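Worksheet: one structure, shown below.
FYI, it's all coordinate maths here, none of it is from the lab. Please read these numbers as outputs of a predicted model, since none were measured by experiment. Backbone-built Cβ (ideal geometry, glycine too); neighbour counts: all protein chains shown.
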Amino acid sequence: MVLFFTSNVVEPPVVIYMGRDKEENEDLIKYAWPQDVWFHVDKLSSAHVYIRLPPSIPSWENIPQALLADCAQLVKANSIEGNKKNNLQIVYTPASNLKKTGDMAVGQVSFHRHDKVKRGKSIRQT
């Protein structure tokens with residue numbers, strides 16, 4: 001079952017979706033909406049986290065820093081290896097930029113356009 005969280009750091013609050021395993025991550029990839037934004041720990045296994053942008057956030061490039069931090073903490077906390085490391089990079093991109101081909105492992109993705117991928121600030125171990 002996909003997990004749902006509410007981030008109250010912005011108004012109105014934003015729903016955050018997270019897969020607990022690779023099968024749930026695959027479902028999130030399959031059913032993502034164009035206005036969803038995908039988050040992941042860079043170069044390590046982690047949960048897939050999505051937010052569905054509300055009308056109050058006009059673009060994925062204008063996500064408030066506090067909401068980015070909420071999503072980053074979730075992917076970090078749900079990465080077995082990443083949870084133990086300092087200074088992780090978090091990547092995020094519109095869900096429409098995710099590329100899934102038939103030869104990829106369950107839950108694995110790539111990108112259509114690498115110039116539409118942003119890297120979040122490093123996160124120190126908490």
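The relative contact order of the chain comes to 26 percent, based on Cα pairs under 8 Å that sit 6 or more residues apart.
Between residue 99 and residue 35, full extension at 0.36 nm per residue minus the direct alpha carbon distance yields a gain of 21.5 nm.
With Cα atoms defining each centre, segment 40-70 and segment 75-90 are spaced 16 Å apart in the structure. Between residue 27 and residue 6, the FRET efficiency estimated from the beta carbon spacing at R0 = 25 angstrom works out to 0.80.
Could you tell me which of rounded, prolate or oblate describes segment 39-101, using a ≥ b ≥ c as the square roots of the eigenvalues of the alpha-carbon gyration tensor, with rounded for a/c under 1.5 and, failing that, prolate when a/b is larger than b/c and oblate otherwise? Oblate shape, in that a/c is at least 1.5 and b/c is the bigger or equal ratio. Would the chain count as rounded, prolate or oblate if I go by the C-alpha gyration tensor, calling it rounded below 1.5 in a/c and otherwise prolate when a/b exceeds b/c, oblate otherwise? Taking the square roots of the gyration eigenvalues as a ≥ b ≥ c, the chain is rounded.
With a ≥ b ≥ c the root eigenvalues of the C-alpha gyration tensor of segment 3-67, is it rounded (a/c under 1.5), prolate (a/b larger than b/c) or oblate?
prolate
The charge dipole of segment 1-111, taken about its Cα centre with unit charges on the Cβ atoms of Lys, Arg (+1), Asp and Glu (-1) only, comes to about 200 debye.
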